[in-house]
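First comes the structure, then the notes that go with it.
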Amino acid sequence: MAEQARDTEAVGVFHDAESLQAAIDELLTHGFDRAELSVLAGHDAVARTLGHDYRDVRELEDDPQVPTTAFVPKETLGDAKGAVIGGFLYLPAVIGTVAVVASGGTLAAAIAAAAIGGGLGGGIGVALSRLIDRHHARHLEDQLQRGGLLLWVRTRDAAHEARAQDILRRHAGDDVHLHKLPKLVFSTAG
């Protein structure tokens, strides 16, 4: 037996990252799950998937073929940057210390190796974290230059639809509306 599911999404265009973040924060505190929120994938992925370039994000609002991605909040970017810096700080320090101790070096030499290795590794980690920031900033800037930041919100019922649209509008979402997603057919047979 096949069961049909028909979902809707609320969609809005934001003209700055702060308004987008504020809308997402409110959605998350008002009954929406992070998995129900998505943003436009990178320009290259969109062009590759669609087989053509686009000039304005509004062309993509209601296209179910457009690749999306999960929204990555600032806090998660901060966690990723911390992990990169910490990993590059820790690993060279440990390797340097182990190498000195294994070769019969003194405690002072082991401490010096840890400090030098950690310092060099930390510097590499900081440089990589700056790359993360630049990549994220370029992604946002590219979309803003093409008309804004798209946010899609999966909805479950009429109350959810109304709540999503209200939140998007209150946080300066432009062209907020609902659209139907393609019908999906799930098989419930054994």
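What's the number of the condition residue 72 fails, among (1) touching a helix residue (DSSP H, G or I) at 6+ places or on another chain (Cβ under 8 Å); (2) assigned to a helix (DSSP H, G or I); (3) at pLDDT below 90?
(2)
Could we say that residue 35 is under 14 Å from the mean Cα position of the chain (by Cα), touching a residue at least 24 places away in the same chain (Cβ under 8 Å) and assigned to a helix (DSSP H, G or I) here?
Considered against the rule, which asks whether it is under 14 Å from the mean Cα position of the chain (by Cα), touching a residue at least 24 places away in the same chain (Cβ under 8 Å) and assigned to a helix (DSSP H, G or I), residue 35 comes out as yes.
Please indicate, with yes or no, whether at least one residue in the range 118-136 is at pLDDT 90 or above and of a type outside the set (S, T, N, Q).
no
The values are calculated or read from the model by the stated rules, or taken from the named source; none is laboratory data. All values derive from a computational prediction rather than experimental measurement. Note that we place each Cβ from the backbone using ideal geometry, even for glycine, and neighbour counts take in every protein chain shown.
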